[in-house]
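Colleague: Pasting in a structure now, in structure tokens, and then I'll have a few things to ask.
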Amino acid sequence: MTFENLGLAPALLRALDEQGYTQPTAIQEQAIPLALAGHDLLAGAQTGTGKTAAFGLPLIQYLATTPQEVATRGPRKPRALVLTPTRELAVQVHDSLRGYGKYLRIPSTTIYGGVGMGNQLDALRRGVDMVIACPGRLIDHIERRSIDLSGIEVLVLDEADRMLDMGFLPSIKRILAKLPKQNRQTMLFSATFAEPIRELAMEFMRDPKQIQVTPKNTVAETITHRVHPVDGSRKRDLLLHLLAKDSRLQTLVFARTKHGSDKLAMFLDKSGIKTAAIHGNKSQGARQRALNDFKAGRINVLVATDIAARGIDIDQLPQVINFDLPMVAEDYVHRIGRTGRNGSTGEAISLVAQDEAKYLRAIVRMLGRDVDLRDVPGFEPQTPIRWGNSAPGKAEQPGGERTPRRNGPQKHARRPHSEAPRHAHAGPKKHSSGPRREGDRRPGGARPSQARPAR
């Protein structure tokens, strides 16, 4: 299969050829013909699968080949709207779409917070066909009446699951209320399909075609998973101990908050390990410099939040460390997907304190495989991980106690209920990996029909 077989315009094919794209990815192969045919689309695709081109190429071709109704007065109304969860992704999508449409001259702009509104207002006054926006700043423009969305013909929601996780659902609904309901094509891309996403899709989409390019929550078999129980107060010291074993090893470290990422990066850097942090409060230039330095080996450790790490693509990254476990089990898959690529081996290490046991349970059940729990000598937790009535995925034990497995000899026996098991077992596969957040549970009913990828 080639791009020529998908029905794309010669100007798009020329731009793709210049950028070195020769064969479509699975999501592009399935989505582009459906989008060109004008269907609404509900697509399951994670970052790194080529989804931007999957919606961007048909979008640009539509704008280039379908004339706009002539406005009687005022600037040209936007015809296409792409909503993204972060400014980093908005810039990335905009750059990609400009590259694909370089020979078609589709006027476009980005709208996101953290910067002044002047340039955005100027672009909107001049008139654009395509807007790539974050929901919060777009609401600001709607309230100022500096943007008119009544002419939108194509809507794309990119990384819809992430937008809902970030609390953008009310903003999205406000934006949808400003869009025309008739003669609008809508495409929604999401790595996961929690119930609120399905409900949202059914509210504003018309008989969407559904595609899924990879099995949900796929984890490479070449990745090993290891958990080190540790008291929360000693996590930083344990992380430094692990990294110091080979300070040349490239490692991506995940922290839960922006402030925590900065503090951790500063601690590691002062301890002699070349480190940088990447998160949403950093400027676009600072994030790009940190990423470039990491790829080039000028720094050995990159500390990132989940949001900022979206789009990081590094071949043969040997190690990912979860300094903080993600609160949403599916995010574990997104994190460790940066290692073990293309058949290479990788290691996913998690530092887990007692108060994170519930997150670990959900992760182990979702993985459906054993996870090695191993104390690090000198860092054994004073407060061992307690599983409650059962270890992850195992049947309940009488009295809430279970005799854990141990690796090697032990000096002192502890009471069974106060000790972490040596392996967290997945056990029988469950229907659900637990709630994504309070009041936001994954569906237990039928899944959408899944088109299996060609690759």
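Colleague: Please determine whether any residue of the stretch 89-110 is modelled with pLDDT under 90, within 23 Å of the chain's Cα centre (by Cα) and crowded, with 21+ Cβ neighbours inside 10 Å.
Modeller: Yes - at least one qualifying residue is present in the stretch 89-110.
Colleague: Taking the stretch 236-265, which residues are among the acidic types (Asp, Glu) and part of a helix (DSSP H, G or I)?
Modeller: Step one: of the stretch 236-265, the residues among the acidic types (Asp, Glu) are 237, 246, 262.
Within the stretch 236-265, ASP237, ASP262 qualify.
Colleague: Being modelled with pLDDT under 80 and farther than 17 Å from LEU325 by Cα is true for just one of GLY378, GLY337, GLY393. Which residue is that?
Modeller: Values: GLY378 fails: modelled with pLDDT under 80; GLY337 fails: farther than 17 Å from LEU325 by Cα.
Residue meeting the stated conditions: GLY393.
Colleague: Still on this structure, please answer the following. Does THR65 satisfy the condition of being in contact with a His (Cβ under 6 Å, 6 or more places away or on another chain) and of a type in the set (Ser, Thr, Tyr)?
Modeller: Numbers: in contact with a His (Cβ under 6 Å, 6 or more places away or on another chain): no; of a type in the set (Ser, Thr, Tyr): yes.
So THR65 does not fit the description; no.
Colleague: Moving to a separate point now. State all residues of the stretch 34-53 that are assigned to a helix (DSSP H, G or I) and at pLDDT below 95; if no residue qualifies, say none.
Modeller: Of the residues in the stretch 34-53, the ones assigned to a helix (DSSP H, G or I) are 34-36, 51-53.
Listed by number, the residues that qualify are LYS51, THR52, ALA53.
Colleague: Let me ask something additional. All but one of (1) more than 21 Å from LYS51 (Cβ to Cβ); (2) at pLDDT 80 or above hold for LEU291; which doesn't?
Modeller: For LEU291, the exception is condition (1).
Colleague: Taking ILE132 and the conditions (1) at pLDDT 90 or above; (2) out of contact with any His (no Cβ under 7 Å at 6 or more places or on another chain), which numbered condition does it fall short on, given that it satisfies the others?
Modeller: The failed condition is (2).
Colleague: Give the stretch 156-203 a look and list any residue that's hydroxyl-bearing (Ser, Thr, Tyr) and at pLDDT 90 or above, or say none. Walk me through how you get there before you give the answer.
Modeller: Our first condition is that a residue be hydroxyl-bearing (Ser, Thr, Tyr); within the stretch 156-203, this holds for 171, 186, 190, 192.
Of everything in the stretch 156-203, those that are hydroxyl-bearing (Ser, Thr, Tyr) and at pLDDT 90 or above turn out to be SER171, THR186.
The values are calculated or read from the model by the stated rules, or taken from the named source; none is laboratory data. What you are looking at is a predicted structure, and each value in this text was computed from that prediction instead of being measured. Positions of Cβ are generated from backbone atoms using ideal geometry, with glycine treated the same way; all protein chains shown enter the neighbour counts.
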